[in-house]
Every structure is written in C-alpha cells, then in structure tokens.
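Worksheet: one structure, shown below.
The values are calculated or read from the model by the stated rules, or taken from the named source; none is laboratory data. Please read these numbers as outputs of a predicted model, since none were measured by experiment. Here Cβ is always computed from backbone atoms with ideal geometry, including for glycine, and neighbour counts include all displayed protein chains. Each accessible area value is taken on the protein alone, full model and side chains, heavy atoms only, with ligands, DNA and RNA left out. Shrake-Rupley method; radii C 1.70, N 1.55, O 1.52, S 1.80 Å.
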Amino acid sequence: AGSRGGASRLNDPVALALGPRGFVYVLDKGDPSVTVFSRDGAFVRQLGLGPVIGNPIGIAVGGDGRIFVADKDGGAQVFTLPPFSDLAWQGPSAPQVLSLGAVEEAAAITVDGSGTLVVLDGEQGQVWGGSRLDPAAAPQTRALYGGVGRGRGSFRDPVGVAFTPERNLVVLDRDLRKVERIALAEGGDAPRL
C-alpha cells in the first residue's frame, strides 16, 4: 500500500491510525494529507490538509470516523476533520481547530471509541485528556499524568500514545527508551497507577 509520488502514494508518512471498519489512515507530512487505505491495503481516498497545518505529526480517528491531526507548529492545537466520506473530493479539506489550553506542544494524539481524546505534550512530558470534542466548544482537557523527568510517571521525549483494548494508555518515550502503561480509573479521565 503506497509508494512514492501520486495520489495513492506516500511522500513522507509520519503516523498512522486505524479507524472504523478497518480503514487505515496515514498522515503524510511531505504532501500534507491523510491517505485512507482499506484493511487489505487498497487505496481508498486522499484528503488534502491545505496550508493551515504546517507540521503534521500525529493522527487519530474516532469511533465515528472523525479524523484528528496534531500539528507540531500549532503548539496547543489539534485539527479535526469529519469522516472522509463526508468531505468533498476536490481541493484541500478545511479542518477545524480544537484549542487545548495549557498543552504546550502536541507531540502525539489518540482517541478511544467513546470519544475521549488524549494528547501527549512533548514539551511538558504530560498526558492530557478530555472528552468534549465539539470544535464549537472549548474542550475540557486537563493533565492526567506525567511530567518532565526520568522515573516512573516522567517523560523526557514522549513521542507516542495509544489506547489499549482495555482502555489503558501506553506512552512511548524515545529518550528514556521506555513504554509506560497508565491505567485509567473507572469513569474515564483519572489515571490510576
């Protein structure tokens, strides 16, 4: 699936996410776009991101098919697009901005099936989370876990975050060469160690 150059090809892929019905979403930094493939690797669609997103580095797809893109140049911003089936086929898509308040640098993002968005702050070494994903309203994000450091619960160069099927979080830290698992307490947003 995908090679260099052309509509179904990838120029500088930087992240991927699995979405509803088995679609694979690839974030392409070289040709600012999201390329969608079927579960067997066949090209389905390419969504242009336009000039608004300068340095896309992370992607997540919600259970409803909404696409979330983290922009390293955007600081505390995540962009959201409707499901690819709801977007026009011509020209770049117009993403909406989710402002994330105290997040300094969105390094990676993930979203679970219930719509809880989690953002990994590369500058502060923290995991932020919230469940209000309506672009018209300010999301309720708050620090869930972490800080800059070396021990458990600390990160120096966090680069990846994902939900497990059990709704735990896993965080990848490049500098510390570790993967740390965070169990979320019942009710959703509070971490439990």
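Please enumerate the residues belonging to the range 36-53 that are outside any strand (DSSP E or B) and within 16 Å of the chain's Cα centre (by Cα).
Applying the first criterion (outside any strand (DSSP E or B)) to the range 36-53 yields 38-42, 49-53.
Across the range 36-53, the qualifying residues are LEU49, ILE53.
Hey, among SER33, SER93, which residue is at pLDDT 90 or above and over 13 Å from the mean Cα position of the chain (by Cα)?
Working: SER93 fails: at pLDDT 90 or above.
Residue meeting the stated conditions: SER33.
Taking only pairs six or more apart or across chains, which ones have beta-carbon atoms under 6 Å, a first residue in the range 93-106 that is under 15 Å from GLY129 (Cβ atoms), and a second residue that is among the hydrophobic types (A, V, I, L, M, F, W, C) and part of a loop (DSSP other than H, G, I, E, B)?
LEU100/ALA76; VAL103/ALA76
Scanning for something assigned to a helix (DSSP H, G or I), open to solvent by 10 Å² or more (accessible area, probe 1.4 Å) and more than 23 Å from GLY153 (Cα to Cα), does the range 85-95 turn up at least one residue? Steps first, please.
Step one: filter the range 85-95 for residues assigned to a helix (DSSP H, G or I), giving 85-86.
Subsequent filtering for residues that are open to solvent by 10 Å² or more (accessible area, probe 1.4 Å) retains 85-86.
From what's left, more than 23 Å from GLY153 (Cα to Cα): 85-86.
Looking for residues that are assigned to a helix (DSSP H, G or I), open to solvent by 10 Å² or more (accessible area, probe 1.4 Å) and more than 23 Å from GLY153 (Cα to Cα), one finds at least one in the range 85-95, hence yes.
Restricting to the range 132-166, and then to whatever is open to solvent by 70 Å² or more (accessible area, probe 1.4 Å) and at pLDDT below 80, can you tell me which residue is farthest from LEU81 (Cα to Cα)?
ARG142
I'd like to check something: does the range 17-29 contain any residue that is hydroxyl-bearing (Ser, Thr, Tyr), more than 16 Å from VAL119 (Cβ to Cβ), modelled with pLDDT of 80 or more and open to solvent by less than 50 Å² (accessible area, probe 1.4 Å)?
Yes, because at least one residue in the range 17-29 is hydroxyl-bearing (Ser, Thr, Tyr), more than 16 Å from VAL119 (Cβ to Cβ), modelled with pLDDT of 80 or more and open to solvent by less than 50 Å² (accessible area, probe 1.4 Å).
Going by the structure shown, is ARG39 of a type outside the set (A, V, I, L, M, F, W, C) and touching a residue at least 40 places away in the same chain (Cβ under 8 Å)?
Numbers: of a type outside the set (A, V, I, L, M, F, W, C): yes; touching a residue at least 40 places away in the same chain (Cβ under 8 Å): no.
So ARG39 fails the test.
Being of a type in the set (A, V, I, L, M) and modelled with pLDDT of 80 or more is the filter here; which residues of the range 100-131 pass it?
VAL103, ALA106, ALA107, ALA108, ILE109, VAL111, LEU117, VAL118, VAL119, LEU120, VAL127
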